[in-house]
1. Looking at the stretch 56-70, can you tell me whether even one residue there is closer than 28 Å to residue 186 by Cβ and touching a Ser or Thr at 6+ places or on another chain (Cβ under 7 Å)?
2. Tell me which residues, restricted to the stretch 179-218, are more than 17 Å from the chain's Cα centre (by Cα) and among the hydroxyl-bearing types (Ser, Thr, Tyr).
3. Of all the helices (runs of 4 or more DSSP H) wholly in the stretch 174-251, which have at least 2 residues that are within 20 Å of residue 125 (Cβ to Cβ) and either at pLDDT 80 or above or touching a Ser or Thr at 6+ places or on another chain (Cβ under 8 Å) (or both)?
4. I'm trying to understand the selection: among the residues of the stretch 205-238, which are touching a helix residue (DSSP H, G or I) at 6+ places or on another chain (Cβ under 6 Å) and among the hydrophobic types (A, V, I, L, M, F, W, C)?
5. Do you know which residues across the stretch 104-131 are assigned to a helix (DSSP H, G or I) and touching a His at 6+ places or on another chain (Cβ under 9 Å)?
6. Starting from the stretch 124-149, take each residue that is modelled with pLDDT of 90 or more and list its partners that are of a type in the set (Phe, Trp, Tyr) and assigned to a loop (DSSP other than H, G, I, E, B), counting only C-beta distances under 7 angstrom and pairs at least six apart or across chains.
7. For the stretch 246-261, which positions are of a type in the set (D, E, K, R), touching a residue at least 24 places away in the same chain (Cβ under 8 Å) and surrounded by fewer than 17 Cβ atoms within 10 Å (Cβ to Cβ)?
Amino acid sequence: MLGAGIVYDGTLTRADGTIEPVAVKTLAPGASPTEHAQFAKEFDLQRHSCQHCQGVAVVYGCGKKGNALLIVMRRYVKSVKDHMELPYDAPLDSVRPPLPVGEAMLMLAQIAGNIRELHAANIRMQDLKPSNLLIDGEGKVFLSDFGLAHLIVQTMPQTAATSGGGTPNYSAPELLDTEMSAPTEKIDIWAFACVAYELLTGKVPWQGKSSHQILMSVVVRQAVLELPEGTEAPPGMPVLLRDCLADEPTERPTAAEVERRIIEMAAPWLAPADAIPDEGGGAPVSAELEALRTSLTRAFEEQMAQQHALQQQLQAQQQVFQAEFQEKLGNLSRQLQEEMQRLMHDQMMQMQREVADVQKHVDVKLANLSRQLQEETRRQVEQHAATSGGAVGARL
């Protein structure tokens, strides 16, 4: 079983007649329509991922046999989980041992690099665990089973993005508790620490606990995995695990930072076999160390390229912002001028109305005064006439 599907061995005959062994994944009989839709989404996302990331298991295509969906992918030798299991003839009381430190560190360096590539492609794994890590014939490790993976930034059709939880033993608090902050790519950093713990101790994280007990330990009590005393590991590994298992996602390091620290810690545990002379004329270095140094250089170059692309994107956004700002400023200036003209026109019209009202009031006052003056003049004339007539009669 792999995720919600069943995996069969098969062969792929190419156009040139060559035959390649492949793995064919399909759903178990009786799968629901929801599981069929999820299965198709898994194919879309894993195909998208392997096109952008060298550390993702290669998917060749998807087909249909009857009503069954099929995903055809490169066949790998085994998973990391199978690599760690005891042989079938081991005594029943045997305890699964940890991987040798050098092997574990080389494997963790590859896993960290694969996660870095995945995050650079804006995808989070969301179900990182040993059974989803596949090993090829050269010992290289690849990410697989994208049934729960999720696009961080929409760079392909929405049907390629899926959501959901993960395996509780490797799940970050924000996956276990839906009331916490929304999951980000930092859930893979938490899961990486759990995988590192398992490789170095041989024990499954939170071994023996139920899902509810893990929830209580991680979310409620905020318990943290710690390497048991006596675990053979680089001195910096306990600190890295604590950083990766920070309860607050934003406090966890990036995948690039994890890869850099893992590679630095791995150097002392590398065997000097297949030594390659150092280009600077120093002491020979092992093939593994040279490969790790190359990987670190590539990671640095990719990070610098991403920073350059981000700077260009930021400059383009600034130019767009400036253009939009200038346009909005021009529109605002025009609106302000129009508003000022309107206000001035309104004020002038108001003043003209007020002047007209005053003029009308003055005209009324003048008319009233004129009438009063005329009446007063007529009254005085009449009174003078009456007075003058009486005086004349008296003289006669």
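The values are calculated or read from the model by the stated rules, or taken from the named source; none is laboratory data. Because the structure is predicted, anything quoted here is derived from the model rather than measured. No Cβ is skipped: glycine too gets one built from the backbone with ideal geometry, and neighbour counts run over all protein chains shown.
1. First, the residues of the stretch 56-70 that are closer than 28 Å to residue 186 by Cβ: 56-59.
Pick out the ones that are also touching a Ser or Thr at 6+ places or on another chain (Cβ under 7 Å) and you get 56-57.
Among the residues of the stretch 56-70, at least one is closer than 28 Å to residue 186 by Cβ and touching a Ser or Thr at 6+ places or on another chain (Cβ under 7 Å), which makes the answer yes.
2. Going through the stretch 179-218, the residues more than 17 Å from the chain's Cα centre (by Cα) turn out to be 179, 192-218.
Across the stretch 179-218, the qualifying residues are 197, 201, 210, 211, 217.
3. Correct list: 186-201, 237-244.
4. Matches in the stretch 205-238: 206, 214, 215, 218, 219, 223, 225, 227, 233.
5. 107, 117, 118, 120, 130
6. Listed pairs, sorted by first residue: 134/76; 135/76; 142/76.
7. 247
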